[in-house]
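Here is the structure we will look at, set down as structure tokens.
Bear in mind these aren't lab numbers, they're just calculated from the coordinates by the rules spelled out. For clarity, every value in this text was computed on a predicted model and none was experimentally measured. Note: ideal-geometry Cβ built from the backbone for every residue, glycine included; neighbour counts use all protein chains shown.
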Amino acid sequence: AYITFNNSTTGRLRHCVIQYAGSSTGGAPKHFSLGVGAPTDVEVRHCTIEHGRGVGVLVQETATSPLLDNVTIRNVSDVAIYHQNSPLPTLRYSNLTLTNNGTNAVELPDSATVNKPVTLDSAALGGAFFLAGSIAINANQTLTITPGTTLRFKNDAYLVAAPNGRLVAEGTPSQPITFTSALTTPAPGSWAFITFNANATGRLRHCVIQYAGSST
């Protein structure tokens, strides 16, 4: 079925191979190989998750994501990493390799909120992208997007900075930040928009915004 951590458990996985898991959902919305609930203290280093049914890693209600360092996720049938619930946790991912999965990405909750400083960094995913529904940055919180990162938004999804929220998306000429559609064949209006409400702050530099405009 799976390996899962819940309710104040601790896990240290090093130089492990997890194969052919995912026979059960355990009540989750997707099949998975490795599951992390809340509150937990889980570190996974130098491991491989492969040939699983469903997602490679399922992250449920937790303030901090599991630490994934030098982890390879390959040949799972769904998305590599799936965040089930909002708000977005602090992401602790580095040196990941995501290959030959149903989707080589980190999927965020469909209605994600940012209620603490959060950074989205494609470099930590080995260049893979973030698959997003709508994202709301709460007051007095910051969402930072690093150079070279790509966010692919689902149909009609949007990114909004609430009053006093802050979005920092500062790419470089050689590593622009891309906001685009999740569709295989996108068209204008495939997702909604990026917007800043009263007293919100935004810093966008060297960004590409594509296929937006589905909503007014």
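Taking a point 7 Å from the Cα of Ala198 along the Cα-to-Cβ direction, the residues of region 123-157 with backbone N closer than 19 Å to it are 137-141. Look at where the Cα atoms of region 194-216 and of region 8-34 average out, and the two centres are 36 Å apart. Ranking Gln210, Thr185, Thr99 by how far each Cα lies toward the positive end of the dipole of region 99-216 (charges on Cβ) leaves Gln210 at the top. Summarising the amide proton neighbourhood of Ala38: residues at separation of 5 or more, or on other chains, whose placed amide H is nearer than 5 Å comprise Asn7, Glu61.
Could you calculate the FRET efficiency of Cys16 with Ala139 from 1/(1 + (r/R0)^6), where r is the beta carbon distance between them and R0 is 35 Å, rounded to 0.05?
After rounding to 0.05, the efficiency reads 0.30.
Based on the Cα gyration tensor of the chain, what are the three equivalent ellipsoid semi-axes, each the root of five times an eigenvalue, rounded to whole Å and given largest first? Please report the intermediate quantities before stating the final value.
Working: eigenvalues 168, 67, 51 Å².
The equivalent ellipsoid of the chain has semi-axes of 29, 18, 16 Å.
With unit charges on the beta carbon (Lys/Arg positive, Asp/Glu negative), name the residue among His31, Ser134, Ala200 whose Cα is farthest towards the positive pole of the charge dipole of the chain. In the chain, that residue is Ala200.
To the nearest 20 debye, what is the magnitude of the charge dipole of region 100-216 about its Cα centre, counting +1 on the Cβ of each Lys and Arg and -1 on the Cβ of each Asp and Glu?
Details: 6 positive and 5 negative charges, 42 e Å.
Charge dipole of region 100-216: 200 debye, to the nearest 20.
Near Ile18, the amide H atoms lying under 5 Å from its own belong to Thr48, Ile49, Glu50; only residues 5 or more places off or on other chains count, and H is placed 1.01 Å from N.
Assign unit charges at the C-beta atoms only (+1 for Lys and Arg, -1 for Asp and Glu), then state the dipole size of the chain relative to its Cα centre in Debye, rounded to the nearest 20.
Its charge dipole is roughly 180 debye.
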